[in-house]
Amino acid sequence: MITYRTPTNWTWIQAKQKEIEQLTPILEHESSIDWLQQIQNNKTNCLRVSITPDGKKVVKGTLIYKQSFEEEHDVKFFHFYVTTDQWVTIDLDWDTLKHIDLQLLQSQISQTTNAVEGFMLFIAEWMNAWLVEIDRFEEDLKTLIWSIRKRNETSILELVYLRRHELLVWKSLLIPVKELKMAIEEVNLHEPCEGRIFPMTCKRIERALTLLQEYEHELDSIINLEEVISSHRGNEITKTLTVITTVFTPIMAFGALWGMNFKHMPELEWTWGYPLSIVMIVISTVLLYAYLRIKGWTGDLLKGKKRGSFFK
């Protein structure tokens, strides 16, 4: 366990799960004892806001700060306890926080005026690291958008829903952070904060959520486009099979007729019966196809699909 008394006279404590018993005499309020008992088995997001009998405002809970996109239970989370004078984190693994200069961040936190400012500065940098990861998601999404035009196959639809799942994971991570911001505002815990740290943190949270909402709209548009294309292609396939069946109806009819085994079939004695039957089949097939063509029922069945085109 690391206990640090900042130059601005507030306490910052970093601990591990196995060191919980050592925290009991250090924390300021009796309500912290219940919190320490609750977090021992808690592995998901939760948030509690309370005001102690002596008027101290407390925000405490658990946040997931890293989630695998492939495995549901592959998560990283930490527990926190924040008042104006104390900030406690349990099981926060700084090494897993990518895109953050840890030495610089810890130095900046130590210079903040109170524990709430220090906590919000950490959240701001955490959000900034997430925004970098969201930019990577945006690159994958843009690649997917152009892949739909160039190579629209079933595998692309799989990628569409894979990106949609990733987006849902991102939103599930960000919603508890937004709730945390609202909880701090609920009890005005940010009132002692000075300067731009709290507004900056709020803006970063809103920016990340706005980006995800816009990406969600893009994915919805992609899914709608895929549904239209799939429906059109399904109709074309059905129409193609219907036309082919109709065109070959004369062949099947004559084949069924002359495949019979009746004793009296005058056509069997005809000298020119065989070539005549072929001529009849060809003429009837051509006439039937011409009729479908004139009526416009064949559509674009004989035209090849253009490269990079959705329908043509």
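The values are calculated or read from the model by the stated rules, or taken from the named source; none is laboratory data. From a predicted model like this one, the values you see are computed outputs, not experimental measurements. Backbone-built Cβ (ideal geometry, glycine too); neighbour counts: all protein chains shown.
Here are the numbers for this structure:
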quantity: Tabulated pairs, segment 52-70, first within 25 Å of Asn41 (Cβ to Cβ) and without any contact (Cβ under 8 Å) to a residue 40 or more places away in the chain, second assigned to a strand (DSSP E or B) and among the aromatic types (Phe, Trp, Tyr), C-beta under 6 angstrom, 6+ apart or interchain; calculated: Lys60/Tyr81; Thr62/Phe77
quantity: Output for segment 168-186, where each listed residue is under 17 Å from Thr210 (Cβ atoms) and among the aliphatic types (A, V, I, L, M); calculated: Leu168, Leu173, Leu174, Ile175, Val177, Met182
quantity: Residues being part of a loop (DSSP other than H, G, I, E, B) and within 25 Å of the chain's Cα centre (by Cα) - total across segment 43-80; calculated: 10
quantity: Selection from segment 199-226 of residues that are touching a residue at least 24 places away in the same chain (Cβ under 8 Å) and among the β-branched types (Val, Ile, Thr); calculated: Thr201, Ile205, Ile222, Ile223
quantity: Glu218 within 48 Å of the chain's Cα centre (by Cα), more than 30 Å from Val58 (Cα to Cα) and modelled with pLDDT of 85 or more; calculated: yes
quantity: Enumeration of residues in segment 99-156 that are aromatic (Phe, Trp, Tyr), farther than 20 Å from Leu180 by Cα and surrounded by 16 or more Cβ atoms within 10 Å (Cβ to Cβ); calculated: Phe137
quantity: Lone qualifier among Gln106, Gln111 - being over 20 Å from the mean Cα position of the chain (by Cα) and within 19 Å of Pro199 (Cα to Cα); calculated: Gln111
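Residues are listed down the side, and each one gets a yes or a no for (1) of a type in the set (S, T, N, Q); (2) touching a Lys or Arg at 6+ places or on another chain (Cβ under 8 Å); (3) at negative phi:
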{"site": "Lys181", "(1), (2), (3)": "no, no, yes"}
{"site": "Leu189", "(1), (2), (3)": "no, yes, yes"}
{"site": "Ile197", "(1), (2), (3)": "no, no, yes"}
{"site": "Met200", "(1), (2), (3)": "no, no, yes"}
{"site": "Tyr215", "(1), (2), (3)": "no, no, yes"}
{"site": "Ile222", "(1), (2), (3)": "no, no, yes"}
{"site": "Val228", "(1), (2), (3)": "no, no, yes"}
{"site": "Arg233", "(1), (2), (3)": "no, no, yes"}
{"site": "Thr240", "(1), (2), (3)": "yes, no, yes"}
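Let's see how each residue does on (1) at pLDDT 85 or above; (2) buried (at least 18 other Cβ atoms within 10 Å of the Cβ); (3) over 19 Å from Ile123 (Cα atoms):
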| site | (1), (2), (3) |
| --- | --- |
| Asn9 | yes, no, yes |
| Trp12 | yes, yes, no |
| Glu21 | no, no, yes |
| Glu28 | no, no, yes |
| Gln38 | no, no, yes |
| Asp54 | no, no, yes |
| Ile64 | yes, no, no |
